[in-house]
Amino acid sequence: MQNRDHRHLGILAHSAEGAALSFQTFCREGFARLGPHDHPDVTLDLIPLARSMPYWESGDYHAVRDILRESAERLAAAGADFFICPDNTAHLAFELDGDPYPIPGLHIAEVVADEAAARGHRKVGILGTRFTMEGPVYPGALAARGIDSAAPDAADRATVDTIIFDELVNGVFTDGSRDAYRRVIEHLSAAGCDAVALVCTEIPLLVTPGISPLPTLDSTRLQARAAFEVAINARALPTWRGGPPARP
């Protein structure tokens, strides 16, 4: 039976590799802090990314939001108390106005921006899909905390995005792509960034802190560990149910 002192986490997945890392991080946090084999209840739901990609490409983010809502409804039906989505790009759709989601969610960009502020960073590079690098989610979350941000230039954005969709989401991780990302991060450092946010949830599987020219903000693991804190009642249950998040 579920420990009623714990909350049931729903992982609203959008791509397989990032969701797997999020699930694994959450469970391992339990093993480390609660004891062998133990963690709060967790349910993962994943509608194939192929169903959403045509809408991403056409810019119909409301259609993506509706697909993600299906997962949220299934998680609620499974008994989840709250959800996380280990996909940064998906938050472009989540933030649109629309019917509230059936359970509250822990917004990934808010978690990353809080960590950037706690570490004292002043300018953060944004590394993710082209949708995320060119979108408002991270600049808005960081700016609300007095932190500047920068995206790679057009050529570097194309490199990063191609590697994500041709390789990373398919579980392909190569030394050549790792070197390419290192060069992109070097360019962000030269542009004055003092940290880089790895805000495609698969990127931390390719770029580790030891090889990055800048300190990293690993969105996948930061969100999963924040979710663990919520699940054990060490952090308040989130209240955001989609739409523009309330920001400080």
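Mind checking which residues of the stretch 114-125 are in a loop (DSSP other than H, G, I, E, B) and closer than 30 Å to Arg7 by Cα? Selection gives Arg119 alone. Every test in (1) modelled with pLDDT of 95 or more; (2) surrounded by 20 or more Cβ atoms within 10 Å (Cβ to Cβ); (3) closer than 18 Å to Val199 by Cα; (4) not small (Gly, Ala, Ser) is passed by Asn88 save one, and that test is (1). Candidates in the stretch 54-65 are the residues that are at pLDDT 95 or above, part of a helix (DSSP H, G or I) and open to solvent by 40 Å² or more (accessible area, probe 1.4 Å); of these, the one that is farthest from Ser22 (Cα to Cα) is Ser58. Inclusion of Asp114 among residues that are open to solvent by 60 Å² or more (accessible area, probe 1.4 Å) and either small (Gly, Ala, Ser) or in contact with a Lys or Arg (Cβ under 9 Å, 6 or more places away or on another chain) (or both) is warranted. The residue that is most open to solvent (accessible area, probe 1.4 Å), among those in the stretch 1-20 that are at pLDDT below 90 and not small (Gly, Ala, Ser), is Met1.
For every residue, the table says whether it meets (1) at pLDDT 95 or above; (2) surrounded by fewer than 13 Cβ atoms within 10 Å (Cβ to Cβ); (3) part of a loop (DSSP other than H, G, I, E, B).
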site: Ala32; (1), (2), (3): yes, yes, no
site: Leu44; (1), (2), (3): yes, no, no
site: Ser52; (1), (2), (3): yes, no, no
site: Ile67; (1), (2), (3): yes, no, no
site: Arg74; (1), (2), (3): yes, no, no
site: Gly79; (1), (2), (3): yes, yes, yes
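With the requirement that a residue be among the aromatic types (Phe, Trp, Tyr) and either at pLDDT below 95 or part of a loop (DSSP other than H, G, I, E, B) (or both), what does the stretch 228-248 give you? Matches in the stretch 228-248: Trp240 only.
When Asp148, Asp156 are screened for being surrounded by 15 or more Cβ atoms within 10 Å (Cβ to Cβ) and either farther than 23 Å from Ser22 by Cβ or in contact with a Gly (Cβ under 8 Å, 6 or more places away or on another chain) (or both), only Asp156 passes.
Number of residues in the stretch 159-170 that are under 12 Å from Glu17 (Cα atoms) and hydrophobic (A, V, I, L, M, F, W, C) equals 4. So, Ile164, is that one open to solvent by less than 20 Å² (accessible area, probe 1.4 Å), modelled with pLDDT of 95 or more and among the β-branched types (Val, Ile, Thr) or not? So Ile164 fails the test. Among the residues of the stretch 81-113, those identified as in a helix (DSSP H, G or I) and more than 8 Å from the chain's Cα centre (by Cα) are Ala90, His91, Leu92, Ala93, Phe94, Glu110, Val111, Val112, Ala113.
A Cβ distance below 9 Å, combined with a sequence gap of six or more or placement on separate chains, defines the contacts here; from the stretch 219-232, residues that are farther than 25 Å from Leu127 by Cα reach residues that are β-branched (Val, Ile, Thr) and at pLDDT 95 or above in the pairs Val230/Ile84; Ala231/Val42. Taking first residues from the stretch 185-203 that are without any contact (Cβ under 8 Å) to a residue 60 or more places away in the chain and within 21 Å of Thr174 (Cβ to Cβ) and partners that are open to solvent by 50 Å² or more (accessible area, probe 1.4 Å) and not aliphatic (A, V, I, L, M), the Cβ contacts under 9 Å between residues at least 6 apart in sequence or on separate chains come to Glu186/Pro213; His187/Asp153.
The values are calculated or read from the model by the stated rules, or taken from the named source; none is laboratory data. Just so it is clear, the structure is predicted and the values come from calculations on it, not from any experiment. Here the Cβ is made from the backbone with ideal geometry for all residues, glycine too, and neighbour counts use every protein chain on show. Surface accessibility is based on the protein's heavy atoms, side chains included, excluding ligands, DNA and RNA. Shrake-Rupley method; radii C 1.70, N 1.55, O 1.52, S 1.80 Å.
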